[in-house]
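Notes to accompany the following structure.
The values are calculated or read from the model by the stated rules, or taken from the named source; none is laboratory data. On a predicted model such as this, the values are computed, not experimentally measured, just so you know. Positions of Cβ are generated from backbone atoms using ideal geometry, with glycine treated the same way; all protein chains shown enter the neighbour counts. Quick note on the areas: whole protein, heavy atoms, side chains included, nothing else; ligands and nucleic acids left out. Shrake-Rupley method; radii C 1.70, N 1.55, O 1.52, S 1.80 Å.
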Amino acid sequence: SLESTYAQIRKDYSETLKKAFGASLYSVKFKDAAGVSDRINAWLSEKTRGRIKATVNPNDLASRSGIGVIDEPALVTVNAAYFKVDWGSRFEKSGTQERPFHPDTNQVVNAMLMHQCSPLPYAEDETFQFLELPYIDHQYSMYVLLPKQVLPVETMVSLLQSNTISHLKESANRRVVDVLFPKFDMRSHCSVKDLLSEMGVTTAFDKHKADFDRMIVKKLEAYRVYLSEIYHDAWVAID
């Protein structure tokens, strides 16, 4: 969605978007913040089969202009991926039962755990057990890490090294594994601006230093074109 009052997309860039990503560009008036956010959310809901119904609200499109400064929303880009596929080796419905599950060292809850006993890629090191659960097309898999001791998630993540998963994947051998796996769904909505900044993406968020000239033709009265926010939404269901 593009507001052309203060900026316009370069033609070669928009053609690249269409060719590489099948992306479409729409002109909107961000002054109608409610209408634009509704339109964006409707697109998102359609692309995710109704699983994620909204990510933008009218406040995200509010004017930031002040005396002598034009700082208005100019562009919103939206991307969605939808992935649904069966397991390569099935969890039979009859095998799903309520069993104890440990979210951390001090808590036990009852959770619906699925069950199967199948030949699967498995590996372990001194800290983790690793299991690969292939999907039926064998192009994609889910990787599962189980700490050998019950640990809070934060502690478990702190023990991960950059190559932990790749090392375990490379050392995995197919063997018969007795699997108990939780059935769950999870929804998240978060800003990733701070996280990206910590990873080194800083200039793009700086209204004085950001440079999008290869993408956008800026108007003279609007020389500050920068990223104000990035949101990430996810909906995951495992059954």
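So the check is Cβ under 8 Å with 6+ separation or different chains; which pairs have a first residue in the stretch 120-136 that's without any contact (Cβ under 8 Å) to a residue 40 or more places away in the chain and a second one that's part of a loop (DSSP other than H, G, I, E, B) and open to solvent by 30 Å² or more (accessible area, probe 1.4 Å)?
GLU126/LYS148; THR127/LYS148; GLN129/LYS148
Within the bounds of the stretch 180-200, is there any residue that is farther than 30 Å from ASN57 by Cα, modelled with pLDDT of 95 or more and surrounded by fewer than 12 Cβ atoms within 10 Å (Cβ to Cβ)?
Looking through the stretch 180-200, none of the residues is farther than 30 Å from ASN57 by Cα, modelled with pLDDT of 95 or more and surrounded by fewer than 12 Cβ atoms within 10 Å (Cβ to Cβ).
Hey, among GLN107, GLN8, GLN97, GLN116, which residue is polar (S, T, N, Q) and over 29 Å from LEU146 (Cα atoms)?
None of the other options fit; the residue is GLN8.
What are the residues in the stretch 58-94 that are hydroxyl-bearing (Ser, Thr, Tyr) and either under 24 Å from LYS148 (Cβ atoms) or under 29 Å from the mean Cα position of the chain (by Cα) (or both), if any?
Scanning the stretch 58-94 gives SER63, THR77, TYR82, SER89.
Could you tell me which of the residues VAL85, VAL76, VAL69 is modelled with pLDDT under 95 and in contact with a Lys or Arg (Cβ under 9 Å, 6 or more places away or on another chain)?
VAL69
Looking for whichever is modelled with pLDDT of 95 or more, within 29 Å of ILE230 (Cα to Cα), aromatic (Phe, Trp, Tyr) and touching an Asp or Glu at 6+ places or on another chain (Cβ under 9 Å) here; the options are TYR143, TYR122, TYR135. Which one fits?
TYR143
Would it be correct to say that LEU44 is in contact (Cβ under 8 Å) with a residue 12 or more places away in the chain and closer than 23 Å to PHE212 by Cα?
For LEU44, the condition - in contact (Cβ under 8 Å) with a residue 12 or more places away in the chain and closer than 23 Å to PHE212 by Cα - is not met.
Restricting the search to the stretch 80-98, which residues are surrounded by fewer than 10 Cβ atoms within 10 Å (Cβ to Cβ) and small (Gly, Ala, Ser)?
Passing the criteria: ALA81, SER94.
Name the single residue, out of those in the stretch 118-139 being of a type outside the set (S, T, N, Q) and loosely packed, with under 12 Cβ neighbours inside 10 Å, that is nearest to PRO182 (Cα to Cα).
PRO119
VAL36: of a type in the set (A, V, I, L, M), open to solvent by less than 50 Å² (accessible area, probe 1.4 Å), within 20 Å of the chain's Cα centre (by Cα) and at negative phi, yes or no?
no
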